[in-house]
Amino acid sequence: MKIAIVKLSAMGDIIHAMVALQQIKKQQPNLQIDWIVEQGFKQVLENNPDIDNILTVNLKAIKKDKRALFSEIKKIKSYAKNNYDLVIDAQGLLKSAITSKLLGKKVAGFSKESIREGIASFFYSDTVEIDYAANAIERNVKVLCKPLGVEMSKEDILNKKPFLHFSQKQELPIDIEDYILFVVGASKENKIYPKEHFLEVAKQLNEKVLVIWANEYEKKVADYLAENLEQVTASPKLNLDQLKRVVAESKLIIGGDTGPTHMAWALNIPSVTIFGNTPEHRNTYLTSINKVIKSDTFVDPLKLDKNDFSIREIAPEKIVTIAKELLP
């Protein structure tokens, strides 16, 4: 049997879905699993032994050039020649639903009531019902496992093996050991913890800190922290394969609700995730080593408040207290 999983983006969402793979392959070892993903996130999936083929698309290019639509459709139709027995849309968006339908006749996905873009469900021949406000990891597990008749319990999720894999051959452009990793950026401004607070956290922990970055704002923050505290190092820019290794070799990660912080959970690395205007109970999975700290504001997962910048009010001392409990 051959299946295709459609989960195009973003990094955290892809990671939340990947946890199901090891249980699917454990129960159905002969299953061929191909994954359709935006080319910018391909490296998140690479080197995973439970994925047979990673097939990329560049649907984001259509926003800049409408003509790219035709080349992307042609590419997806070429993937359909793999003759998939089942396509699972784990994204639940109109673009992922159309992509899935182009890939095969039998398509499973979320029910109309379970996703933000309910129209996507009309493209599915099999639907899965789960509350949109439910935990994102459990949602992904259910939409991937149920159509295959695979069972994955909360205990299975908690007892997962690390499922992000990186190339052992690739050299890191930095020489540092025994460090805490700071993730200082996020996709939206109101998910970003202030740089002054990060500096205070670093001072109070008094440990070696490596700060990663992916854009100019984050680089400025990394440089600011390094310039103001001797034990802080600003990382060179990393690709996603290098990032997985940097996360795997850290002893603790502190950062906001964003992809690199979710990597810690995927790799069974201790972490403190800082939440403001996003729901901590939905966007992460609490474990004995993966903790969260949340601002005092109420969050409705169905209607996030764009004007909620309460993450800035979280005292550095509270983060330090949790971090010290997690450090070896």
Q) Pulled fully out, how much extra length does the chain show between Lys63 and Asn83, if you take 0.36 nm times their separation in residues and subtract their Cα-Cα distance? A) 4.3 nm
Q: Go ahead and run the numbers for FRET between Glu207 and Asp305, Cβ-Cβ distance against an R0 of 30 Å, rounding to 0.05.
A: 0.30
**Q.** Neighbourhood charge, 9 Å Cβ-Cβ cut-off, centred on Tyr132 and excluding it, Lys, Arg +1 and Asp, Glu -1
**A.** 0
Q | Label point distance in nm, Lys42-Lys237, each placed 7 Å from Cα along Cα→Cβ | A | 1.8 nm
(Q) Test of the criteria: in the range 256-317, which trypsin sites (Lys or Arg not before Pro) are in a DSSP loop and have at most 10 other Cβ atoms within 10 angstrom of their Cβ? (A) Lys303, Lys306
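Taking 0.36 nm per residue of separation and subtracting the Cα-Cα distance, what length does fully extending Gln170 through Ile322 add?
On the way: separation 152, 0.36 × 152 = 54.72 nm, distance 3.31 nm.
That pair, Gln170 and Ile322, stretches by 51.4 nm at full extension.
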Q: Anything over 29 Å Cα to Cα? Flag those among Lys66/Lys101; Lys64/Lys160; Lys112/Lys219; Lys105/Lys161; Lys60/Lys291; Lys42/Lys324, in the order listed.
A: Lys64/Lys160; Lys112/Lys219; Lys105/Lys161; Lys60/Lys291; Lys42/Lys324
**Q.** Calculated diffusion of the range 2-158, Stokes-Einstein form, Kirkwood radius summed over Cα pairs, 25 °C and 0.890 mPa s, µm²/s
**A.** 158 µm²/s
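List the equivalent ellipsoid semi-axes of the range 180-326 in whole Å, largest first, each obtained as the square root of 5λ for an eigenvalue λ of the Cα gyration tensor.
On the way: eigenvalues 94, 56, 48 Å².
Here the semi-axes work out to 22, 17, 16 Å.
Run through the range 146-196 and list the GluC sites (Glu not before Pro) located in a DSSP loop whose Cβ has at most 14 other Cβ atoms within 10 Å. Mind dumping the intermediate values first?
Working: sites: Glu151, Glu155, Glu171, Glu177, Glu189, Glu196; in loops: Glu151, Glu171, Glu177.
Of the GluC sites (Glu not before Pro), the ones in loops of the range 146-196 whose Cβ has at most 14 other Cβ atoms within 10 Å are Glu151, Glu171, Glu177.
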**Q.** Computed [θ] at 222 nm, deg cm²/dmol, the chain (DSSP H ≥ 4; -39,500 (n - 2.57); rounded to nearest 500)
**A.** -10000 deg cm²/dmol
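What relative contact order, as a whole-number percentage, does the chain give when Cα pairs under 8 Å and 6 or more residues apart are counted? Numbers along the way, then the final one.
On the way: 653 pairs, mean separation 51.3, N = 328.
Worked out over the chain, it gives 16 percent.
Please give the direction-averaged projected area of the C-alpha convex hull for the range 149-261, in square nanometres with one decimal.
Values: hull surface 36.3 nm².
Reported value for the Cα convex hull: 9.1 nm².
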**Q.** Low-density loop positions, trypsin sites (Lys or Arg not before Pro), the range 95-200 - DSSP coil, at most 13 other Cβ in 10 Å
**A.** Lys105, Arg116, Lys169
**Q.** Whole-Å semi-axes of the ellipsoid equivalent to the range 201-282 (Cα gyration tensor, √5λ, descending)
**A.** 20, 15, 14
Q) So which residue, out of Leu86, Leu205, Leu69, gets the largest mean-square fluctuation from a GNM of the chain using Cα contacts under 10 Å as springs? A) Leu69
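Readers should treat all values here as calculations from the given coordinates under stated rules, not as data from a laboratory. Please read these numbers as outputs of a predicted model, since none were measured by experiment. Glycine gets a Cβ as well: all are built from the backbone with ideal geometry, and neighbour counts include every protein chain shown.
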